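Undergrad: Before we start, here is the structure in question, set down as structure tokens.
None of the figures in this text is laboratory data; all of them are computed from the coordinates on show. Computed from a predicted model, the values in this text were never measured in an experiment. Neighbour counts are summed over all protein chains in view; Cβ atoms, including those assigned to glycine, are modelled from backbone coordinates with ideal geometry.
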Amino acid sequence: MIQKFSRFVNSGAGLEKTLRLVQCTAQVVAALTVSSALVVQLTTVKLQLALARRYFRFFGFIDSFQRMSALLGKDGFSSVGGLIGLAKWTCFGLYFLLEDLTTLHAMGVYSVSWHDPVMDQANTFWLYALSFSVVGSIWALLFGPSEQPAKKESKKKDQKAESEKTVPVKATPSSALIQQIVVDSCDMLIPLELLNWMPTGDVVIGSTMVLSTLLTAQNIWARHDEGKPSCGNCAVYGKKCPGYRTSIPLVFLNENKKVESLFSKERKRAANNRPEQTTQTQLVSRTASAPGMSDTGLSVLRFLLDSSWENHGRCYFLDQFTLPTEPDGSPGPLDSIPVLYTLCRGEKANGAPLLSLRAALDAAAFASLASHANVSSLAIQARKKYGQALCALSRALESVEDATRDETLGAIVMLMIFEDINSERQSLMSTHVPGIQYLLKLRGVKQLSDPATRSLFHFAFAQMLIQFVGLKDPMQINLDWLLDVLIISHPIYQMMSGNIKILKFCATVSQLLSSEGAGQPTPLSVMSFLEQGENLDMELSQWHSDIPEAWLPRKCRKTDGAEVILHPDITSADVWNSYRGTRIILQQTILQIHGCLDGCTGKAWRSEAICSPQDIIIEMATEICQTLPFALGEIDPLGCPTRRTGRTNIKAVQGFALLWPIFSVTQCGYATETQEAQARSALRQIGSTHGIQLGVALGREGVSMDRPPTGNSRVPNR
């Protein structure tokens with residue numbers, strides 16, 4: 001059995017079928033699994049195997065055209081079966097040839113703008129070839145004779161009586177024809193799905209691929225078993241061993257399937273929504289009555305009369321969700337988006353990465369203005385653009401070159417913002433973060449070499465930190481490789497390096513405390529974790545030791561006597577609040593270790609640290625609350641009140657960065673009622689002012705991170 005399998009996989013046809021079986025199995029499992037991380041892994045396996053199998057059929061057009069030539073030489077036009085065969089092999093040859101033209105693009109070696117139309121044409125010829133194959137098999141099954149005359153020309157032209165004779169030709173068994181019909185019919189679903197002529201879904205496609213692969217692999221297995229001189233069949237039959245049989249040309253398939261299965265629910269919802277027709281007068285009337293727009297001047301109304309909601313949404317988004325580069329050269333929040341968006345809006349903008357970024361930014365832009373101005377028609381347009389972005393993004397992820405482009409990362413960042421604008425997180429978990437960790441690793445250790453696109457990495461890193469540290473979502477891969485990325489000598493990247501260590505520490509402690517039985521921690525191991533956590537906190541608290549003095553916060557008192565913290569600008573305030581929020585979560589983890597020590601030793605653990613975790617949490621929560629008046633734009637860097645309008649005087653992207661640090665105050669467990677009320681009010685204010693529905697959701701009572709209890713956790717004594 002092992003020898004048979006070895007002969008099977010060592011043949012080109014057998015190895016190709018083995019890879020195909022693994023590919024379609026991964027496709028089915030990816031469509032049925034609920035783990036987003038596993039979906040990304042299986043999708044990567046599927047796409048890589050699909051590309052590998054293309055190499056097996058690279059010269060398939062030669063065999064197809066040879067068979068077409070052989071049919072022409074045998075007067076293939078004289079019979080229906082011959083005509084069908086000519087059409088079939090012509091289409092197969094054209095399919096293989098057109099697919100070969102896009103091989104370098106699929107490998108990520110040389111990208112071309114005409115990849116998609118050429119592949120659509122190739123898949124069309126593939127569908128025609130399979131259709132002719134089915135028709136030919138049905139024709140042979142219904143009308144094919146058991147014997148047909150084959151003409152042999154005599155060497156002597158004057159001997160007409162002996163020039164022709166009937167030679168018996170073994171007919172194809174009906175079972176083989178039926179099997180071929182089943183195989184070709186199953187495979188026809190693949191080009192129909194790729195061309196979007198008859199979408200059936202990954203489960204159906206993968207299942208039919210499994211069936212057709214097993215049927216064809218069965219024949220290949222038998223052929224290679226009989227073709228070996230060592231098989232013993234020749235001795236049984238009493239005939240000379242023929243050696244290897246001539247292989248029947250195999251139909252190699254192209255299953256560079258989309259990865260839209262990750263987002264099938266959103267795509268269906270987007271396809272069912274249709275934008276409503278609204279007149280310009282209705283739009284202006286609705287704007288005047290929309291919340292937050294009542295104070296809009298006549299100039300804004302004239303602008304709306306002269307431009308569409310879509311253009312206004314793009315302008316609003318680029319104004320509110322991006323900031324220019326800092327004076328010292330540091331990247332501003334999402335400062336690279338305007339440049340990338342300008343490229344993807346050009347007349348020559350082609351390719352999946354550019355198309356995905358354009359659609360994703362439109363989706364986020366339309367959603368932001370729709371939520372801000374309460375425009376339902378624009379919200380429907382945003383949902384439609386969201387579906388288009390997912391389709392284009394799936395094509396961008398088919399090749400390594402496209403997946404690692406800045407436009408692809410920018411598109412995913414825009415989809416994250418779209419998700420938070422509409423508050424579509426699942427139990428506060430982002431659906432895009434589990435996959436972006438793989439994308440960042442794919443981009444490599446040099447992804448920060450271009451300062452113009454560092455802001456995309458900053459945003460993606462911040463979202464990963466929120467999900468993996470704050471929300472305790474398990475990591476799918478080890479993120480230690482990021483330490484090789486964050487080698488830039490800058491306090492921000494030093495803090496990021498410390499955050500990676502904290503992320504890994506919190507994940508390890510969470511796993512340790514959830515273990516049972518033999519996996520329960522010992523007092524010695526728990527003490528080791530406690531020491532590690534305290535060292536990480538000390539390292540994190542020193543992140544600002546080398547920053548300029550102008551970056552340091554300073555305290556002052558407002559006119560009403562309340563103490564506030566001032567920063568040079570809003571961006572630096574957001575950075576400091578992010579540090580405070582991370583330190584709160586780290587101290588909560590240390591409190592869990594204290595509770596574990598209580599259970600292991602049977603007595604209350606007393607920390608020898610200068611400041612207890614409770615004191616540090618209270619200090620960080622207090623500082624976040626004291627920063628809010630400045631961070632929300634209520635006072636300027638000198639502490640003087642700004643003009644109050646009942647709304648925040650900051651950009652939406654600055655308010656976006658404040659959400660999770662403020663939310664950590666409501667979840668720390670040691671904030672006063674006044675501080676918690678102040679934090680929830682700030683969250684709702686940010687959400688309502690800038691149309692970020694996530695802020696409104698986080699500001700509601702009862703919303704929590706669902707963390708394990710801090711300070712009182714117990715484990716049984718060993």
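Undergrad: Treat each spin label as a single point 7 Å out from the Cα along the C-beta direction, and report the Gln121 to Leu72 distance in nm.
TA: For the pair Gln121/Leu72, the computed spacing is 2.0 nm.
Undergrad: Mind ranking 460-472, 96-108 by how tightly packed they are, going by the mean number of other C-beta atoms within 10 angstrom, highest first?
TA: 460-472, 96-108
Undergrad: How many nm separate the modelled label positions at Glu326 and Cys611, each set 7 Å beyond the Cα in the direction of the Cβ?
TA: 2.2 nm
Undergrad: 5 Å is the cut-off here: which amide hydrogens, built 1.01 Å from N in the peptide plane, fall below it relative to Ser423, excluding neighbours closer than 5 in sequence?
TA: Gln693, Leu694
Undergrad: Take the Cβ-Cβ distance between Gln542 and Val22 as r, set R0 to 41 Å, and report the resulting FRET efficiency rounded to the nearest 0.05.
TA: Using R0 = 41 Å, I get an efficiency of 0.25.
Undergrad: Quick one: net charge of Gln494's neighbours, Cβ under 10 Å, K/R +1, D/E -1?
TA: Net local charge, Gln494 excluded: -2.
Undergrad: Still on this structure: How much net charge surrounds Gln626 when only other residues with a Cβ under 14 Å from its Cβ are counted (Lys, Arg +1; Asp, Glu -1)?
TA: 0
Undergrad: Based on alpha-carbon centroids, what's the gap between the range 358-411 and the range 39-71 in Å, whole number please?
TA: Each part's Cα centre sits 32 Å from the other's.
Undergrad: Another one. Among rounded, prolate and oblate, which fits the range 5-69 when a ≥ b ≥ c are the square roots of the eigenvalues of its C-alpha gyration tensor, a/c under 1.5 means rounded, and a/b larger than b/c means prolate?
TA: It comes out prolate by the Cα gyration axes.
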